[in-house]
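Visitor: After the structure tokens below, expect a handful of questions from me.
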Amino acid sequence: MTAFVDLPGAPFASRHFNPFAGQDIRTLIQAQARLRADHSYLVWRPFQGPRKAWTYAQFEQTVARFAAGLYARGVREGDRVLVHLDNCPEAIIAWFGCAWMGAVAVTTNARSSADELTYFAEHAACVAGITQPRFADLVAASCKALRWLAITTTDNGDDPGAARPSAAQSFGAIDGEPATLPTRAHDPLAPFSVQYTSGTTSRPKGVLWTHANALWGARINATHQALRADDIHMVTLPLFHTNAQAYSMLAVMWAGATAVVNPRFSASRFWPVSMEEGCTWASVIGFIPRALMDQEVPAHRYRLWGTGVCEPPWDARYKVKTLGWWGMTETITHGTVGLVDLPNASMSMGLPAPEYGIRIEVDGREALPGETGDFLIKGVRGLSLFAEYLNNPQATADSFDSEGWFRTGDRVTLGEDGWLYFADRSKDMLKVGGENVAASEIERVIQLVPGVEEVAIVARKHPMLDEVPVAFVRSLKTGQADREALVAAVTAACAAQLAGFKQPREVRVVEDLPRSTLEKINKAVLRAQLESEQRG
């Protein structure tokens, strides 16, 4: 069992006085398998190959057999299993199956580099791994301490050809009789899963959820989204992230609804699949409505979409109400959310969710209407907030203030009407196509390139991806040939060590960098420079 960090002022969930006392994820899956046995929980719509579906009863049996297969392979309660997959049914089965057995799934971004995978596997001390043919060589080479590696037989439905694994190494071979699993208490505070999320430190932090966190996410997300048992939820966002995991798969499970899972978002497939499956709900991020602008809007069944802002202008075009919200991996669900049945302030991030404490702080005091300040949230750790940052008690402690408020790193404006409006995020965080990227992660790589004296990563606005990183590199060698060689070296280092979306879209070699107090690099000046260039 993980030893959770006890922080002054930050309450931790009780095992016995808990809305999920005596429960874990098995409780929910088993309950829905009894109540909704013949209703589809999971529908898989690959780009190639046939449609597949699992009823709640079939899903329970599949997950239980996978859990027994893990145990037969030597995985034990509390062990961590690397799950490095793009969207596919195996990603969902592995995530729930690890938790069923008592193991902890460590879900990693499918676009991670070799260096990042090595860090994830070593930091989490993963004992085994699950991946797909396209990533098998990368994972094997990067995660040498894994006892075994299981590989799916397709690449998210696509035929991998010669890369298809042997029967013994295939994902399907993780199979056993559920009766062989040892008896285990239904403990809501047992570790459930780990996601690595970008932060202000040089390396991503592992956000640890408990089973109570997962059940909280299931129940509260379903409530916030007004999900019903007859809803059909379109899932196109990555299953290794909180949005698809909690806002979609867990919420759908709680509601007894159906999730239609796609390998990824496809503008050309979105409407056809939506119509064929009769989808009624979708969680989207900004680039999805933009990518659909050229598509004819059919007479669909969608009643709600969810994204970062309430009722944006595109609602009129798509004939749907968009529910705005704000959340992060550490909160499991939405700290702010719009109203389903009443009008919302357009482009707001909603109102404070009743399950959390919300504070906007300006110079140590609460913000007044019209002011912008630091956004803080209060909940119960291990229940409505994450348990801890894995193996990083200092980062966990630093993320809370003395009164137990969690520092989100975002800045929010309190509207005159009481609605909340996102202002900006911590200036060292970028939002690249829905992915959180810490500037420090990129700077860490570039700083080690010979010839680099200093580096500053800042965001440049992008019409589809929201933001992309630009690197400003100070070097003592500024001749044309030296500049070109340094740009090439920096580009190569980033390509080797960073996922594609984290790599700078431009590298600028400069003789000096703007300074603020204490000689710190003034990134605000660099951002203003990029904005001026884009306007001009």
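Visitor: Solvent-accessible area per residue for region 17-64 at a 1.4 Å probe radius, Å²?
Guide: 48 Å²
Visitor: Further question on the same structure: What 222 nm value per residue comes from the helices of the chain, counting each DSSP H run with n ≥ 4 as -39,500 (n - 2.57) and dividing by all residues, nearest 500 deg cm²/dmol?
Guide: Numbers: 14 runs with 147 residues, N = 536.
For the chain, the value works out to -8000 deg cm²/dmol.
Visitor: H39 versus E506, label points 7 Å from Cα toward the beta carbon: distance in nm?
Guide: Once both label points are built, they end up 5.2 nm from each other.
Visitor: What Rg and what Dmax come out for region 116-180 when only alpha-carbon atoms are used, in angstroms?
Guide: 12.8, 37
Visitor: Just to check, using Stokes-Einstein with a Kirkwood Rh over alpha carbon pairs, what's the diffusion coefficient of region 263-329 at 37 °C and 0.692 mPa s in µm²/s?
Guide: Details: Rh = 12.3 Å.
In µm²/s, the coefficient is 266.
Visitor: For all pairs of alpha-carbon atoms in region 337-394, what percent lies in each bin of width 10 Å, listed from the first bin to the last filled one?
Guide: In whole percents, the pair-distance histogram is 18, 36, 34, 11, 1.
Visitor: Right, next: For region 1-91, which chymotrypsin sites (Phe, Trp or Tyr not before Pro) are both in a DSSP coil and crowded by at most 13 other Cβ atoms within 10 Å?
Guide: Those that pass, being in a loop and sparsely packed, are F17, F47.
Visitor: Leaving out ligands and nucleic acids, note down the accessible area per residue over region 71-148 with a 1.4 angstrom probe, in whole Å².
Guide: 31 Å²
Visitor: Got a sec? Which residues in region 431-474 would a label at D482 touch, if it sits 7 Å along Cα→Cβ and we count backbone N under 17 Å?
Guide: Answer for this model: 449-455, 473-474.
Visitor: What FRET efficiency comes out for the pair A179/R303, r = Cβ-Cβ distance, R0 = 51 Å, nearest 0.05?
Guide: Efficiency, rounded to the nearest 0.05: 0.75.
Visitor: Between F17 and D230, what FRET efficiency comes out of the Förster formula 1/(1 + (r/R0)^6) with R0 = 30 Å and r the beta carbon distance, rounded to 0.05?
Guide: Here the calculated transfer efficiency is 0.30.
Visitor: Take the Cα pairs of region 1-145, get the Kirkwood Rh, then feed it into Stokes-Einstein at 4 °C and 1.567 mPa s and tell me D in µm²/s.
Guide: Rounded, D is 76 µm²/s.
Visitor: Please report, in Å, the Rg and the Dmax of region 39-120, where both are computed over Cα atoms only.
Guide: When restricted to the Cα atoms of region 39-120, Rg and Dmax are 14.0, 42 Å.
Visitor: May I pose another question? Could you tell me what percent of the accessible area of the chain is made up of carbon and sulfur, with a 1.4 Å probe and every protein chain present?
Guide: 52 percent
Visitor: Starting from the coordinates of the alpha-carbon atoms of region 61-185, obtain the Kirkwood hydrodynamic radius over all distinct pairs and give the value in Å to one decimal.
Guide: After inverting the pairwise mean of 1/r, the radius is 14.3 Å.
Visitor: At 1.4 Å probe radius, can you tell me the per residue accessible area of region 389-483 in Å²? Before the final figure, lay out each step's value.
Guide: On the way: 4140 Å² over 95 residues.
Per-residue accessible area for region 389-483 comes out at 44 Å².
Visitor: Show me, bin by bin at 10 Å from 0, the whole-percent P(r) of region 208-345 based on Cα pairs.
Guide: 12, 47, 35, 6, 0
Visitor: With no solvent and one point on each alpha carbon, what is the Debye value of log10 I(q)/I(0) for region 325-479 at q = 0.14, 0.19, 0.21 Å⁻¹?
Guide: One equal scatterer on each Cα of region 325-479 leads to -0.83, -1.26, -1.38.
Visitor: Of all trypsin sites (Lys or Arg not before Pro) in region 368-449, which ones are in loop regions per DSSP and have a Cβ with at most 15 other Cβ atoms within 10 Å?
Guide: Values: sites: K378, R381, R407, R411, R425, K427, K431, R444; in loops: K427.
Loop-located and lightly packed - K427.
Visitor: Mean separation of Cα pairs under 8 Å and 6+ residues apart, divided by the residue count of region 164-277: what relative contact order is that in percent?
Guide: Relative contact order of region 164-277: 20 percent.
Visitor: Which value results when the Cα radius of gyration for region 293-369 is divided by 2.2 N^0.38 Å?
Guide: Compactness ratio reported: 1.32.
The values are calculated or read from the model by the stated rules, or taken from the named source; none is laboratory data. Please read these numbers as outputs of a predicted model, since none were measured by experiment. With ideal geometry, Cβ positions are generated from the backbone for all residues, glycine too; neighbour counts draw on all protein chains shown. When the accessible area is computed, the model is the full protein with side chains, heavy atoms only, and any ligands, DNA or RNA have been set aside. Shrake-Rupley method; radii C 1.70, N 1.55, O 1.52, S 1.80 Å.
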